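A.B. asks: Following this message is one structure expressed as structure tokens.
The values are calculated or read from the model by the stated rules, or taken from the named source; none is laboratory data. Just so it is clear, the model here is predicted, and its values are computed rather than measured. Here Cβ is always computed from backbone atoms with ideal geometry, including for glycine, and neighbour counts include all displayed protein chains. Quick note on the areas: whole protein, heavy atoms, side chains included, nothing else; ligands and nucleic acids left out. Shrake-Rupley method; radii C 1.70, N 1.55, O 1.52, S 1.80 Å.
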Amino acid sequence: MRLHVAEHPLITHKLTVLRDERTPSPVFRQLTEELVTLLAYEATRAVRVEPIEIRTPVTTTTGVKISEPRPLVVPILRAGLGMLEGMVKLLPTAEVGFLGMARNEETLEPTTYAERLPDDLSDRQCFVLDPMLATGGSLGAAIEFLFQRGAQDVTAICILGAPEGVAAIEKQVDGRDVTLVLGALDERLNEKGYIVPGLGDAGDRLYGTV
């Protein structure tokens, strides 16, 4: 597994505002979109392209276009939806699928309650969106789900991660082509499985249901 923790002053600045408990939901949503676009720039460095010849106003030249089959963006419901717009702004030709996953607050284990994905993901580059990598349960289950559908190349984008979650994903995906892109790697998990210092429950803060 490749781990990339983004180090950029704009990312750190936006994360600081997201962490602040006084930041209202509309601002939180806007900053999340902007932050994900910055993270998507890092996450798509290895997106597959193919050459294409075009004509400029001066001459002909060779550039590139996104290869077929197109990349697949998969937000994990519900909080991952808040990251979708920022991702597709940078990668508008991508297809979008959905995975509905929830964490049992007692066992901390994930359950899948909905999915909308192609039956065959062979030779597809998949980008999974999940704001918080805490225990790694939900994200790990989502990555496994995609590989079971035939995916061979998965990149996960998270706003924040904890060392425990990173270690869990690394152990689970050993030998597979997985990249993990984080806005920041925080200190630890608390006894309830929340990231410290973190930013609270991303879904609640995105949609105003605290």
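A.B. asks: Does segment 1-143 come out rounded, prolate or oblate by the C-alpha gyration tensor, with a ≥ b ≥ c the root eigenvalues, rounded set by a/c under 1.5 and, if not, prolate when a/b is larger than b/c and oblate if not? Let's see the in-between values first.
C.D. replies: Working: a/c = 2.37, a/b = 1.41, b/c = 1.68.
Cα axes put segment 1-143 in the oblate bin.
A.B. asks: Here's another thing I want to ask about it. Can you tell me the convex hull volume per residue for segment 83-210, based on C-alpha atoms, in Å³ to the nearest whole number?
C.D. replies: Working: hull volume 14.6 nm³, N = 128.
Per-residue hull volume (Cα only) is 114 Å³.
A.B. asks: Moving on. On the protein heavy atoms, probe 1.4 angstrom, tell me the percent of accessible surface of the chain carried by carbon and sulfur. Let's see the in-between values first.
C.D. replies: Working: 5500 of 10710 Å².
Answer for the chain: carbon and sulfur cover 51 percent of the accessible area.
A.B. asks: Give me a comma-separated list of calculated 3J(HN,Hα) values for segment 57-63, in order, Karplus coefficients 6.51, -1.76, 1.60 applied at θ = phi - 60°, integers in Hz, x for any Gly or Pro.
C.D. replies: Taking θ as phi minus 60°, the curve returns x, 10, 6, 9, 8, 10, x Hz for segment 57-63.
A.B. asks: While we're on this one: Which loop-located trypsin sites (Lys or Arg not before Pro) does segment 1-77 contain, where loop means any DSSP state but H, G, I, E or B and the Cβ has at most 10 other Cβ atoms within 10 Å? Can you show the working numbers first?
C.D. replies: On the way: sites: ARG2, LYS14, ARG19, ARG22, ARG29, ARG45, ARG48, ARG55, LYS65; in loops: ARG22, ARG45, ARG48.
Sites meeting the loop and neighbour criteria: ARG22, ARG45.
A.B. asks: Order these peptides, 194-202, 85-93, by their mean beta-carbon neighbour count within 10 angstrom, highest first. Don't skip to the end; give the middle numbers.
C.D. replies: On the way: 194-202: 18.3, 85-93: 16.4.
Taking the mean over residues of other Cβ atoms within 10 Å, the ranking is 194-202, 85-93.
A.B. asks: Now for a different question. Which whole-number percent gives the relative contact order of segment 33-81, counting Cα pairs below 8 Å spaced six or more residues apart? Let's see the in-between values first.
C.D. replies: Working: 30 pairs, mean separation 12.7, N = 49.
Worked out over segment 33-81, it gives 26 percent.
A.B. asks: Something else: Could you derive backbone 3J(HN,Hα) for segment 152-162 from the dihedral phi with the Karplus parameters 6.51, -1.76 and 1.60 (θ = phi - 60°), listing whole Hz in sequence and x where the residue is Gly or Pro?
C.D. replies: 10, 9, 10, 10, 9, 10, 10, 5, 10, x, 10
A.B. asks: Oh, and also: Which sequence of THR62, THR112, THR135 reflects their accessible areas, 1.4 Å probe, from the largest down? Walk me through the numbers on the way to the answer.
C.D. replies: Details: THR62 95, THR112 70, THR135 40 Å².
The residues order as THR62, THR112, THR135, largest area first.
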